[in-house]
Amino acid sequence: MTVRLIDMVFPGDANHHGTLFGGVGLAHLDKVAFLAAARHARRPTVTAGCERIDFAAPARIGEMVEATGKVVRVGRTSMGVEVELWAEARVSGERRLCTPGVFNMVAPREAGQGDLPPPQEAPPVDDGWLRTVEMVFPTWTNHYGTLYGGDALKLMGKAAFICATRKARAVMVMAASNRIDFSSPIREGDMIELASRATKVGRTSVTIEVELWAEGLLTGERRRSAAAEFIMVAVDEAGRPRPIYRSVSPLEIA
């Protein structure tokens, strides 16, 4: 099963040329490799190394980067995870492969555990949701060991921005957030899956529904932890609302 992480290239992630630091790109790839491997093994997993990584194209400030990882090779306790990093221009949608690679991950056996299962190729599912993952690290948690609500909102807001940008292919800003519900805590070490989709397209705005799911990497237990709705608006160079120039179904028009 492919794990996908989508992020933005902000100035703090870029060098003096205005392109993504190689180390930040490698960190994205290592994260998706870890999540894909840990999800497959359902055991504590670590990075053992990676094969040669060649950077073929840059990712620039303001662009989106999409990192994907899937398990393609399994040994008794080791896995090879095929990874790719793509850059995507927000408005034009132009995509280019920045770098492919393979990370080698290890999930040591504990007493009573057998060999790792073989890789399974899951058929792609197009259900209208854009899905991207993240990992809950200690710096994101409160004194209860659960994800801060503010960080959850930041992640959902970013997911809404990415989904709206891909839908409208315009410069988008957040105009409002409607009701937000938190239903289950997200613990340190959980994997987060952010699922977003456009539910309405107006003349200048897109309504985005976002669901935040938590998944225990060792158990596979999944639970919907939060849901929210955001109104995103297309703006021009002066920051004023502008029409969304795209073909939409009459049912989508607000």
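The values are calculated or read from the model by the stated rules, or taken from the named source; none is laboratory data. As the structure is a prediction and not an experimental result, all values here were calculated from the model. Cβ atoms come from the backbone with ideal geometry, glycine included; neighbour counts cover every protein chain shown. Surface areas here come from the heavy atoms of the whole protein model, side chains and all, with no ligands, DNA or RNA. Shrake-Rupley method; radii C 1.70, N 1.55, O 1.52, S 1.80 Å.
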- Of everything in segment 97-129 that's of a type in the set (A, V, I, L, M) and surrounded by 11 or more Cβ atoms within 10 Å (Cβ to Cβ), which residue is modelled with the lowest pLDDT? 116
- Message: Checking the condition among the charged types (D, E, K, R) and open to solvent by less than 20 Å² (accessible area, probe 1.4 Å), which residue from 43, 60 passes?
- Response: 43
- Query: Taking segment 1-19, which residues are open to solvent by less than 40 Å² (accessible area, probe 1.4 Å) and among the aliphatic types (A, V, I, L, M)?
  - Reply: 3, 5, 6, 8, 9, 14
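Can you confirm whether residue 218 is among the hydrophobic types (A, V, I, L, M, F, W, C) and under 19 Å from the mean Cα position of the chain (by Cα)?
Here the answer is no, as residue 218 does not meet what is asked.
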- Task: Would you check if there is a residue in segment 89-104 being in a strand (DSSP E or B) and under 24 Å from residue 187 (Cβ atoms)?
- Result: no
- Item | Inter-residue pairs, beta-carbon under 7 Å, first without any contact (Cβ under 8 Å) to a residue 60 or more places away in the chain and under 16 Å from residue 191 (Cβ atoms) and in segment 137-160, second among the charged types (D, E, K, R) and open to solvent by 70 Å² or more (accessible area, probe 1.4 Å), 6+ apart | 138/188; 141/188; 145/187; 145/188; 146/187
- Item | Given (1) out of contact with any Cys (no Cβ under 6 Å at 6 or more places or on another chain); (2) within 27 Å of residue 10 (Cα to Cα); (3) of a type in the set (S, T, N, Q), index of the condition residue 196 fails | (1)
- Item | Residues within segment 182-212 that are within 24 Å of residue 143 (Cβ to Cβ) and either open to solvent by 20 Å² or more (accessible area, probe 1.4 Å) or out of contact with any Ser or Thr (no Cβ under 6 Å at 6 or more places or on another chain) (or both), tallied | 10
- Query: Restricting to segment 177-221, what's the tally of residues that are among the basic types (Lys, Arg) and in contact (Cβ under 8 Å) with a residue 60 or more places away in the chain?
  - Reply: 1
- Taking segment 48-82 as the region of interest, how many residues are among the aliphatic types (A, V, I, L, M), over 17 Å from residue 3 (Cα atoms) and not in a loop (DSSP other than H, G, I, E, B)? 1
- What are the residues in segment 220-238 that are open to solvent by less than 50 Å² (accessible area, probe 1.4 Å) and either at pLDDT below 95 or in contact with a Lys or Arg (Cβ under 8 Å, 6 or more places away or on another chain) (or both), if any? 220, 228, 234, 235
- Message: Anything in segment 20-38 that is in contact with a strand residue (DSSP E or B) (Cβ under 7 Å, 6 or more places away or on another chain) and either surrounded by fewer than 22 Cβ atoms within 10 Å (Cβ to Cβ) or part of a helix (DSSP H, G or I) (or both)? List them, or say none.
- Response: 21, 25, 28, 29, 30, 31, 32, 33, 34, 35, 36, 37
